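Enquirer: Here it is: the structure, laid out below.
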C-alpha cells in the first residue's frame, strides 16, 4: 500500500478528531515522538511548536501501518 506522507496537511484538531483523542494529547505524543503522524517542530530557543500533520499518515496509523509502510502487528499478520 502506497501512503502519501507529504500531501494533504491537516490541523491538530482534525487529527485528534480522526484519532478519537484530545488535541493536547496529540501534541504531547508528537512532541515525545510517540505518534508517527507528522512532525512536531520547535526552532531552537523557541517555546512553541509547529505541527506538520498529514492525513495519509493518520490514515496509515489508523490502519495499523507505520511510517515505513509495514504492519505494526507484523507477528500477528504472519501467523
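The values are calculated or read from the model by the stated rules, or taken from the named source; none is laboratory data. Note that the structure is predicted; figures quoted are calculated from it, not measured. Glycine gets a Cβ as well: all are built from the backbone with ideal geometry, and neighbour counts include every protein chain shown.
Enquirer: If I go through the range 34-43 residue by residue, how many of them are surrounded by fewer than 14 Cβ atoms within 10 Å (Cβ to Cβ) and either within 22 Å of residue 8 (Cβ to Cβ) or touching a helix residue (DSSP H, G or I) at 6+ places or on another chain (Cβ under 7 Å) (or both)?
Expert: Of the residues in that region, 1 qualify.
Enquirer: Please enumerate the residues belonging to the range 10-37 that are modelled with pLDDT of 95 or more and not in a helix (DSSP H, G or I).
Expert: 10, 11, 20, 21, 22
Enquirer: Pairs needed: first member in the range 33-53, free of Cβ contacts under 8 Å to residues at least 40 places away in the same chain and at positive phi; second member anywhere, part of a loop (DSSP other than H, G, I, E, B) and exposed (fewer than 12 other Cβ atoms within 10 Å of the Cβ); C-beta distance under 6 Å; at least 6 residues apart or different chains.
Expert: From the range 33-53, no pairs qualify.
Enquirer: Check residue 46 against each of (1) assigned to a loop (DSSP other than H, G, I, E, B); (2) in contact with a helix residue (DSSP H, G or I) (Cβ under 9 Å, 6 or more places away or on another chain) and name the one condition it does not meet.
Expert: If we test residue 46 against (1) assigned to a loop (DSSP other than H, G, I, E, B); (2) in contact with a helix residue (DSSP H, G or I) (Cβ under 9 Å, 6 or more places away or on another chain), just (2) comes out false.
Enquirer: Output the number of the condition that residue 40 fails; it satisfies all remaining conditions of (1) in contact with a strand residue (DSSP E or B) (Cβ under 7 Å, 6 or more places away or on another chain); (2) modelled with pLDDT under 90; (3) farther than 19 Å from residue 65 by Cα.
Expert: Failed condition: (2).
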